[in-house]
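Let me begin by presenting the structure, written as structure tokens, before commenting on it.
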Amino acid sequence: MKSRYSESCRPHPALSEKGEIPANLGAHYFGPGRCEFLVWAPRAKRVQLRLGGWVTPRRRLVPLVTDGSGYHWTVLSGVEPGTEYLFRLNGGLEGAGP
């Protein structure tokens with residue numbers, strides 16, 4: 001069974017050899033329920049995505065992958081525009097995306 005999120009550690013596709021900063025930090029909706037989440041957190045050893053807001057009974061944590069460049073990301077299915085999310089750094093501090 002295929003995972004619903006990416007598990008590879010290759011460079012993010014938006015990063016070029018020139019080291020350009022990706023323009024799509026935060027949530028980027030691809031269509032039919034697919035969404036990418038990308039955050040710049042160079043000092044974080046572990047970044048998770050928390051889906052669901054404070055009043056949402058069903059919340060879930062999704063680990064993000066990194067290539068060591070400071071960017072952490074995942075692509076999920078079943079996520080629609082308007083879904084509330086936060087990034088959790090190193091298992092503690094949470095913050096909204098850009």
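The values are calculated or read from the model by the stated rules, or taken from the named source; none is laboratory data. Being a predicted model, the structure only gives us computed values, none of them experimental. Glycine also receives a Cβ, built like all others from the backbone with ideal geometry; neighbour counts cover every protein chain displayed.
Do we find a residue being buried (at least 17 other Cβ atoms within 10 Å of the Cβ), at pLDDT 90 or above and assigned to a loop (DSSP other than H, G, I, E, B) anywhere in region 46-55? Before you say what the answer is, go through the steps one by one.
The initial filter retains those residues of region 46-55 that are buried (at least 17 other Cβ atoms within 10 Å of the Cβ), namely 47-49, 51.
Next, only the ones that are at pLDDT 90 or above stay: 47-49.
Now drop any that are not assigned to a loop (DSSP other than H, G, I, E, B), which leaves none.
Among the residues of region 46-55, not one is buried (at least 17 other Cβ atoms within 10 Å of the Cβ), at pLDDT 90 or above and assigned to a loop (DSSP other than H, G, I, E, B), which makes the answer no.
Take the residues in region 1-26 that are farther than 25 Å from residue 83 by Cα and among the small types (Gly, Ala, Ser); name whichever of them is modelled with the highest pLDDT. Filtering region 1-26 for residues that are farther than 25 Å from residue 83 by Cα and among the small types (Gly, Ala, Ser), the one modelled with the highest pLDDT comes out as 19. Condition check for residue 29 on (1) modelled with pLDDT of 90 or more; (2) in a loop (DSSP other than H, G, I, E, B); (3) not basic (Lys, Arg): one failure, at (2).
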